[in-house]
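Have a look at the structure below before the remarks.
Read-outs throughout are calculated quantities, based only on the coordinates presented, and are distinct from any laboratory measurement. On a predicted model such as this, the values are computed, not experimentally measured, just so you know. Positions of Cβ are generated from backbone atoms using ideal geometry, with glycine treated the same way; all protein chains shown enter the neighbour counts.
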């Protein structure tokens, strides 16, 4: 398949999004004429655009889809939940099919046919009897006789030639023609062809050239062979042979615009793919928005990070020299580079509202499936986040919502019994807080039953029978790998890959998940995510001569212990008693095999710092020689040589020009 | 002098594709995003356009209504007018023909067929 600029896919994707949100709105008001018209128009535009981009199959699919909404808006039948459900499936299909917009893959065309069939079944049932429902009868054979009134020559640019060329290229059609052309001019032109178009449809093709010629079209029966000229008769057996069931099937496929074979031939006269990409390039040039590839932004970001690092060095040097001028230059440069960083950073920001339709869609599908009534409210959807963060947030957020509906919101009867409104409410609030974005998902469902959680946790051996855990701590057990409180594993959630994955994914983007629940009243899940992925708020530590940065979001407490206590540890990981509590401690020195010879300071240091960090509910200490302080580290990927280094997620250059390695706390804790 | 075409379509993507294609073939292109805008443009300079190329299905005023409206102006009575559309409803095509439509081009079109329709319409204007 030819490679297209993303711009063209974006165009179609935007249209699909707007259509999807229309359908979701229609769910509550089946006969909202305005929305119906809008949906029809959107479909029509998608079809038109698909055709213009030369995606015939895609356009033909939408054409069939559009017909249904044409009928609905013309009141041939009523819209129903089932039609909306199917329409949403079609949207999903069309969205996926953007990757295979010529339907070259077997499964794309199969899905297309299935969807169209389902739509046909639904709408055929609904078509009010008496209205003509079109029955497909298979292709007919036509005999067309053209007698020009003007002088018509082959290839003289008259539109007639193109109309005929068009007829000829109708898929799976046998086409025979015979021209008499004394002295170059065509006097009579006989054509025999097979087509599934109706007679009037074919005739109308010639409507705009009828001043120039006389046409006569008739359906042709094999018995009428004497009407054919001698040379044409030779092709008759071929037509007879092809007019069986097989041909009808092929034509049916062709009707949907789907070719069984995947050979997109570029015939003379079609818009050449190259030409199209040219025009797209021009098109992109003309729009006021510029589409830039993510790679370029990443590049730019990494250069600016470089600049910020240089700037930090300059600032340190300027301090040494005590030069007024150098100091001023350094300050100005700091100002400029910070602004530059923020501008570039804002390029890749997208609003959370991008996800809104997906939320609504999920709620729509699930509440239907589970027979629950749910209302979704979103506040602050204009809050912007880095595109990459939004992408990594999508799945966790959808999972949380799924949990809210499946486990949180009760059935309408249950809710009524408990004195709640039948319809449950889920509120998604988003707002900025310092360098972070906070997303709160609140439901007014049944909350977390801590007793049930406790029972299950004991059953699964996650906690001991006699462990005395507070409610708060019990809540967090749902983040434990493999924990699922659903009594029965339902289709919706509770596949065992539950909240622990959510937690893990959010921690991967250095976010935090906070859970707050009151049994019987509801649950609030708060997600705190950094605004940017390329700058880390971290704790800078030192082990021997080496610097390590621990992402601040995982850090809980810091304890200073005497070195002697620590040196007793035989292995890289061991249990230490800290403030009366047992804590497993990972020694960075031992993990990275840095012996005492590695650092001259090592022996002088009488203390070690233990930083307690947690991943999920696993809490461990990380031992370092000393803590230097808090840093804003510009994350840089490590080169190829360090690819196999699993506990390090990247590096950063410190103000003094030294390298600090950024630890992947998640892996460090889990592997030790 | 270049022949000047007014392209009317409510969808920007299509306007751009049409403009770029036709510009490369040596036409001068102006665009309008709806029927009302098209009428205003044509009314201000009825003689400076050689052809109107319009979409059929547009909100508020569709291509057929635009055609009927355009034909009311004496200077535009015989202005070549092509509808470019995904539909091929014989009834609609007949009424458009009666209202003075020059040609009906169905999307998806073949580029040279499309261009020949335009060239033919401009060449044969009366």
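For the pair the range A:429-464 / the range A:24-96, the C-alpha centres are spaced 40 Å from each other.
If r is the Cβ-Cβ distance from residue A:467 to residue A:21 and R0 is 56 Å, what FRET efficiency results, to the nearest 0.05?
After rounding, the FRET efficiency stands at 0.70.
Protection proxy ranking of A:420-426, A:458-464, B:22-28, A:406-412, by the mean of other Cβ atoms within 10 Å over each peptide's residues and highest first, is A:406-412, A:420-426, B:22-28, A:458-464. For the pair residue A:336 and residue A:387, a Förster radius of 22 Å applied to the C-beta separation gives a FRET efficiency near 0.30, rounded to the nearest 0.05. Among the residues of A:208-214, the average count of other protein chain beta-carbon atoms within 10 Å of the residue beta-carbon is 3.
Note that the range B:63-126, at 25 °C in a medium of 0.890 mPa s, gets a Stokes-Einstein diffusion coefficient of 201 µm²/s from its Kirkwood radius over C-alpha pairs.
For chain B, just say rounded, prolate or oblate: build the C-alpha gyration tensor, square-root its eigenvalues into a ≥ b ≥ c, call rounded for a/c under 1.5, and beyond that prolate if a/b exceeds b/c, oblate if not. It comes out rounded by the Cα gyration axes.
Look at the stretch B:8-15: the mean tally of other chain Cβ atoms within 10 Å of its residues' Cβ atoms is 5.
Packing here is the average count of other Cβ atoms within 10 Å per residue, and on that basis the peptides A:29-36, A:12-19, highest first, run A:12-19, A:29-36.
Per-residue counts of other Cβ atoms within 10 Å, averaged by peptide: what ranking do you get for A:210-217, A:158-165, highest first?
With the highest mean Cβ count within 10 Å placed first, the list reads A:158-165, A:210-217.
The residues B:86, A:313, A:413, when put in order of fewest to most other Cβ atoms within 10 Å, stand as A:413, A:313, B:86. Inter-label distance, residue A:320 to residue A:13: 4.9 nm, where each label sits 7 Å from its Cα along the C-beta direction. Per residue of A:47-56, other chain Cβ atoms within 10 Å of the residue Cβ number 6 on average. Taking each DSSP H run with n ≥ 4 as -39500 (n - 2.57) and averaging over every residue of chain B yields -13000 deg cm²/dmol at 222 nm. Note on residue A:156/residue B:37: beta-carbon distance plugged into 1/(1 + (r/R0)^6) with R0 of 41 Å gives a FRET efficiency of 0.65.
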